[in-house]
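Accompanying notes for the structure given below.
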Protein chains: 2
Amino acid sequence: MIKLAESDAQRARAQNDETGSQRFERIYAELRDRICLLVYPPGTVLSEVTLAREFGVSRTPIRRVLHRLEFMGLVQIMNGVGTIVTDIDLKTFKETYDLRMRLAELMGELSPAYITEDHLAQIDQLIARAKKLQKHRDRFEDYAMITNDLQKILSSLTGSAPLREIIELFYFRVARIWFTFLPQLGWDDIISAQLTELSEIRAAMASNDMRGVGRSRSLHLHRMLTRISRFLVEP
Amino acid sequence: MIKLAESDAQRARAQNDETGSQRFERIYAELRDRICLLVYPPGTVLSEVTLAREFGVSRTPIRRVLHRLEFMGLVQIMNGVGTIVTDIDLKTFKETYDLRMRLAELMGELSPAYITEDHLAQIDQLIARAKKLQKHRDRFEDYAMITNDLQKILSSLTGSAPLREIIELFYFRVARIWFTFLPQLGWDDIISAQLTELSEIRAAMASNDMRGVGRSRSLHLHRMLTRISRFLVEP
DNA sequence: AAAGTACAACCTGTACACAGCTGAACTTTT
DNA sequence: AAAAGTTCAGCTGTGTACAGGTTGTACTTT
């Protein structure tokens, strides 16, 4: 059943190229990260032809990526105008955070995963990175990447695939909005809050208490929302 | 600011055509409903060119619709093969139902909507339709449409936009799988279960108790999962 | 007769040209 | 000078041809 031509194509692909699906995922992840890490802040206008030139492809695969980003709620495609990185209104922001708190608690209740030594080691690494950051003020991108990595670890601990899916969806949707407010908060304050969350989660994980992990996460989201609520005023 | 040419185009559009966005939504809703109502049962292979011919457009807009359906989890696009209506494995099915129960309860807790006379009237209509169905056995599509309409009403009662969004997502993702089992269940049984849910929800709505609505819905999902669990055996 | 191979018919993925839309700068009119 | 009208550059939407992938089938070889 294996054809020679196919075998050759697969070998060549393994050496140099990448399959179409891989290319799509690569470009998608790249643009998503740029939006989430505020390389493209809300309001940025993205052009299909510009992106196509940068990635060395035609508009067609770029359009596919942008449409997926639109489904994810990260951009809005407007005919004749361009593809605009979305902002989020105050009401939706708060609703999303309320929901994220509930979902974090469910993380510990619906088919929680078993916690291994490896998970603990990963958390310890994050704690070490966060402690280093205490001495270097205003490294917002590093702070954001620790938050991103924590999210990935918690994702791997969520046994329920559907739950994991929507937790990630809403994380990506509001994280970048939250990062917008970072410079307005005190550096020492947010770093110590991050260390508090990490150590609480680590303690719960050490006793294989996924419900405790979920509660810690939910509580952290609540504290963070409180922290920036004074900046969230209706116009 | 209004140009003559634009004005003409808008008038012409109002009479005959439709804007691009409307066309997309129309085709998307049509294909989604066909999948959910089992016109395209799981495993069906959809061809872009065939669909393009049917809707009188080129492959491009059809591809956009299919990619959105893939994002919703209703189809899987495979290069060289076709676009296949997805089935769902047992584990994911149960996980999705567990999550849906929790989300139904959240519906009553996160910014619940105020219930009007109009909502009650809509539920009464559904009850009337369900009672008529008691006499006509095995009208599975009518049964499914009542379920669909109830979902729409509950959706309009969910104040939190993000919550509403994912409740709908998971409804569309598993409803059609559930409908697959309908013929294996007793008609009288499922109709009476539907009437039970409708009357419980109506009672809660009559006293403006959205938490009660959520609990009724959650309980109904639990009962239904129990009902078909004897058919859900590992291969 | 059975296994392996080449191929044809189908599919989706990509590139590109063109049509339609939008907003802003510019020109004309009052 | 203000307001209305016009033009235009740039954008996304669409159609279409072609490239690449997959699978079943007919054919060849052992």
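The values are calculated or read from the model by the stated rules, or taken from the named source; none is laboratory data. Just so it is clear, the structure is predicted and the values come from calculations on it, not from any experiment. FYI the Cβ positions are ideal-geometry reconstructions off the backbone, even for glycines, and counts take in every protein chain you see. The area values use the complete protein model at the heavy-atom level, side chains included, leaving out ligands, DNA and RNA. Shrake-Rupley method; radii C 1.70, N 1.55, O 1.52, S 1.80 Å.
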For segment B:176-192, name all the residues that are touching a residue at least 40 places away in the same chain (Cβ under 8 Å) and open to solvent by 60 Å² or more (accessible area, probe 1.4 Å). B:THR180, B:PRO183, B:GLN184, B:ASP188
Residue that is farthest from the other protein chains (Cβ to nearest Cβ), among those in segment A:148-175 that are touching a Phe, Trp or Tyr at 6+ places or on another chain (Cβ under 8 Å) and touching a residue at least 24 places away in the same chain (Cβ under 8 Å): A:GLN151
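Give the residue, chosen from B:GLU54, B:GLU25, that is modelled with pLDDT of 95 or more and acidic (Asp, Glu). Write out each step before concluding.
On the way: B:GLU25 fails: modelled with pLDDT of 95 or more.
B:GLU54 is the lone residue from the list that is modelled with pLDDT of 95 or more and acidic (Asp, Glu).
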Taking interchain pairs and intrachain pairs at least six residues apart, which have beta carbon atoms under 7 angstrom, with the first residue in segment A:51-64 and away from chain B (no Cβ under 14 Å) and assigned to a helix (DSSP H, G or I) and the second among the charged types (D, E, K, R) and open to solvent by 60 Å² or more (accessible area, probe 1.4 Å)? A:ALA52/A:ARG59
Please determine, by comparing only the residues of segment A:21-56 that are of a type outside the set (Asp, Glu), surrounded by 15 or more Cβ atoms within 10 Å (Cβ to Cβ) and within 12 Å of DNA strand C (Cβ to nearest atom), which one is farthest from the chain's Cα centre (by Cα). A:ALA52
Just to be sure I understand, how many residues within segment B:64-78 are open to solvent by 70 Å² or more (accessible area, probe 1.4 Å) and of a type in the set (Lys, Arg)? 1
Given (1) at pLDDT below 95; (2) more than 17 Å from the chain's Cα centre (by Cα); (3) assigned to a helix (DSSP H, G or I); (4) surrounded by fewer than 17 Cβ atoms within 10 Å (Cβ to Cβ), number of the condition B:ASP142 does not satisfy: (2)
Subset of segment A:43-71, residues away from DNA strand D (no atom under 12 Å from the Cβ) and among the small types (Gly, Ala, Ser), comes to A:GLY43, A:GLY56
Mind checking which residues of segment B:193-207 are surrounded by fewer than 16 Cβ atoms within 10 Å (Cβ to Cβ) and either within 14 Å of chain A (Cβ to nearest Cβ) or in contact (Cβ under 8 Å) with a residue 40 or more places away in the chain (or both)? B:SER199, B:ALA206
Taking segment A:80-98 and keeping only residues that are in a helix (DSSP H, G or I) and among the hydrophobic types (A, V, I, L, M, F, W, C), one is left with A:LEU90, A:PHE93
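When only residues in segment B:11-20 that are within 9 Å of DNA strand C (Cβ to nearest atom) and within 14 Å of chain A (Cβ to nearest Cβ) count, which is modelled with the lowest pLDDT? Even if it seems obvious, please write down each step before you answer.
Of all residues in segment B:11-20, those within 9 Å of DNA strand C (Cβ to nearest atom) come to B:12-13, B:17, B:19-20.
Filter once more, so that each one left must be within 14 Å of chain A (Cβ to nearest Cβ): B:13, B:19-20.
Details: B:ARG13: 42, B:THR19: 68, B:GLY20: 64.
That would be B:ARG13.
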Taking the criterion of being surrounded by 13 or more Cβ atoms within 10 Å (Cβ to Cβ) and within 14 Å of chain A (Cβ to nearest Cβ), would at least one residue in segment B:112-134 satisfy it? yes
